[in-house]
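Each remark here refers to the structure printed beneath this line.
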Amino acid sequence: LKGATLALAFDKSLVVRRQFVMILGELIKFLGPDESNKVLRDSVLGQLRDEDHEILKTFIARLDIIIPALQPKEPTTEDLAKLDDDDGFTFDEYLAELLKLLKRLLGGTHWRLAANLLDKLICVTQYFSPSPLRTLYVPVLLDLMRSAPLSQRDRIARALASVLAHVASSTTRQEVIYEMQQRYKAKSSFRDRLNFIEFAIAAIELFSRHYLQKSGLIAAIIILSKDP
């Protein structure tokens, strides 16, 4: 089965590859997470690396079905989705590949597709373990807050707030918020300060009033309200 699915995922014909991505979600559901991660993982990664716009569009539209269906049923405490494969593959490798795709899309002209991916990433954040979210996802989002097209930065801000909401460690949350505050002080560009406000607005929707006050976000917003 693995050989057959790989042949379809990497078929020379765009029509075949597009049809394969259409059934991928249902195939994963049928096989179950453990078997799918053994049989289909290279096919899934291949779809994420595909250059065809329609294949990526279809895959991204089904991301909130595919990622939950791939998550192993009984993750360990240390690694949410460590598999028993000989090569040490982990479920969080999907996150790394998704982030590569996000940067590729934002670096080109497919901004609408990038926006769709950001929205879907917010939906599937909860399925990845806290450590890769902090070490992989957060640095990418912080970088994109400055480098991505302006039209996408509100989504990036929401994605960053969503990540922090799913990271259990309050210390990690505070580290990221402090880094944001340091990056967007009054001496930064006005666009950087606007980015911080977008992040704060997203955080207000996800965190309690007590935490927002304790984290210093409220105080930072008050300071920015007096921005020259």
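Looking at this structure, is Glu51 open to solvent by 80 Å² or more (accessible area, probe 1.4 Å) and farther than 26 Å from Thr109 by Cβ?
In short, no.
What tally of residues in the range 196-228 results from selecting those that are in a helix (DSSP H, G or I), modelled with pLDDT of 80 or more and within 20 Å of Ile156 (Cα to Cα)?
Of the residues in that region, 11 qualify.
Looking for whichever is at pLDDT below 85 and farther than 30 Å from Val39 by Cα here; the options are Leu150, Leu141, Leu160, Leu164. Which one fits? Full working, then the answer.
On the way: Leu141 fails: at pLDDT below 85; Leu160 fails: at pLDDT below 85; Leu164 fails: at pLDDT below 85.
Of Leu150, Leu141, Leu160, Leu164, the one residue that is at pLDDT below 85 and farther than 30 Å from Val39 by Cα is Leu150.
Suppose the filter is among the charged types (D, E, K, R) and closer than 30 Å to His53 by Cα; does Arg173 pass it?
When the stated conditions are applied, Arg173 does not pass them.
With respect to the numbered conditions (1) at pLDDT 90 or above; (2) more than 19 Å from the chain's Cα centre (by Cα), which one is the sole condition not fulfilled by Pro75?
Of (1) at pLDDT 90 or above; (2) more than 19 Å from the chain's Cα centre (by Cα), only one is false for Pro75: (1).
Among the numbered conditions (1) open to solvent by less than 40 Å² (accessible area, probe 1.4 Å); (2) within 17 Å of Leu102 (Cβ to Cβ), tell me where Pro72 comes up short.
Every listed condition holds for Pro72 apart from (2).
Which residue pairs have Cβ atoms closer than 6 Å, lie 6 or more positions apart in sequence or on different chains, and pair a first residue in the range 193-217 that is at negative phi with a second residue that is crowded, with 17+ Cβ neighbours inside 10 Å and not in a helix (DSSP H, G or I)?
Close Cβ pairs satisfying both conditions: Arg193/Tyr184; Phe196/Tyr184.
The values are calculated or read from the model by the stated rules, or taken from the named source; none is laboratory data. Remember, predicted model here, so these are calculated numbers, not experimental data. Quick reminder, even Gly has a Cβ in these numbers, built from the backbone with ideal geometry, and neighbours come from all protein chains shown. The area values use the complete protein model at the heavy-atom level, side chains included, leaving out ligands, DNA and RNA. Shrake-Rupley method; radii C 1.70, N 1.55, O 1.52, S 1.80 Å.
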